[in-house]
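The values are calculated or read from the model by the stated rules, or taken from the named source; none is laboratory data. Please read all numbers here as calculations on a predicted model, not as lab measurements. Here the Cβ positions follow ideal geometry from the backbone for every residue, glycine too, while neighbour counts run over all protein chains shown. Areas reflect the complete protein model, heavy atoms only, side chains present, ligands, DNA and RNA absent. Shrake-Rupley method; radii C 1.70, N 1.55, O 1.52, S 1.80 Å.
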Amino acid sequence: MKRILGRVVSVAGIIAVLLVAYGAAGMAGGAAPSNAGWSQPRDGVRILVESNGVHTDLVLPKVAAGVDWRDLLPGDDLADPRYAGFDHVAIGWGERTFYLETPRWSDVKPLTVLRAAFGSDRTVLHVEHIAPPAAADDARVLVLRPDEYRRLVAFIRASFAGRQAWHRAGYGSNDAFYQARGRYSAIETCNAWTGDALRAAGVRIGVWTPFPVTVLGWFAPPRHPLRDAT
């Protein structure tokens, strides 16, 4: 019994060390800049980067800089097509089971996370049709030049594997999931994909962004006049 208990403790210790090392590597990768010379223009295409604490999304106008998302993301894909009247879409990428089962932190299941971390080719894109959100602590505004925005769109569109869409009760009537390209793992997480997309556009972002904080941390939070005055 003591030998078995010792092995369990040893395995738990190894797992703890690996998790700490992974977290440290992720924060280091998120702090090291790529596209270091980039700066936001005054005018351009306004997008947002938002997080629910687990996943990050890119919030984009449906029509801007010569790009029109309505052909790829029609209202017929939604449980309630009326939501297609909104003029923005929020797009995120991730592992299918992990994405479907974890809309919030309270839904996270360790086994689901562990399975996804070891790698999965069953990836999806989650798309919500929404009104343009305001800047918030969990939604940072970003302005891109038209050519930067088109590069961002090219990266996102290349992640779509097909036109099949399906709906998930509990995520609402304004969203759909689409088959995606790419392999999910502890290295290529949903948040790393967001960083990859921004990096492809030429935006200043970390070289590896596996966590929400390593994405949002690059962009200024909104000002809160009452808080900032104290």
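Total residues in region 59-75 satisfying the condition of being assigned to a strand (DSSP E or B) and touching a helix residue (DSSP H, G or I) at 6+ places or on another chain (Cβ under 6 Å): the figure is 1. Within region 49-67, can one find any residue that is of a type outside the set (G, A, S), surrounded by fewer than 20 Cβ atoms within 10 Å (Cβ to Cβ) and touching a strand residue (DSSP E or B) at 6+ places or on another chain (Cβ under 7 Å)? Checked against the condition, which is being of a type outside the set (G, A, S), surrounded by fewer than 20 Cβ atoms within 10 Å (Cβ to Cβ) and touching a strand residue (DSSP E or B) at 6+ places or on another chain (Cβ under 7 Å), region 49-67 yields at least one hit. Candidates are the residues of region 29-48 that are open to solvent by 60 Å² or more (accessible area, probe 1.4 Å) and either among the acidic types (D, E) or in a helix (DSSP H, G or I) (or both); the one that is modelled with the highest pLDDT is D43.
Does A131 count as at pLDDT 95 or above and more than 19 Å from T97 (Cβ to Cβ)? When the stated conditions are applied, A131 does not pass them. Against the definition (outside any helix (DSSP H, G or I) and at pLDDT 95 or above), how does V203 come out, yes or no? Yes. Scanning region 79-86 turns up no residue that is more than 16 Å from the chain's Cα centre (by Cα), modelled with pLDDT of 90 or more and closer than 21 Å to T194 by Cα.
From the list V9, V108, V113, the lone residue that is open to solvent by 60 Å² or more (accessible area, probe 1.4 Å) and at pLDDT below 90 is V9. Any chance region 212-227 includes a residue that's open to solvent by 70 Å² or more (accessible area, probe 1.4 Å), within 14 Å of T123 (Cβ to Cβ) and modelled with pLDDT under 95? The answer is no, given that none of the residues of region 212-227 is open to solvent by 70 Å² or more (accessible area, probe 1.4 Å), within 14 Å of T123 (Cβ to Cβ) and modelled with pLDDT under 95. In this structure, D121 does satisfy being modelled with pLDDT of 65 or more and open to solvent by 40 Å² or more (accessible area, probe 1.4 Å). Is it the case that R157 is basic (K, R), at pLDDT below 95 and either buried (at least 18 other Cβ atoms within 10 Å of the Cβ) or under 17 Å from the mean Cα position of the chain (by Cα) (or both)? Answer is no for this residue. Scanning region 124-138 for residues that are within 18 Å of K62 (Cβ to Cβ) and surrounded by 21 or more Cβ atoms within 10 Å (Cβ to Cβ) gives L125, H126, V127, H129.
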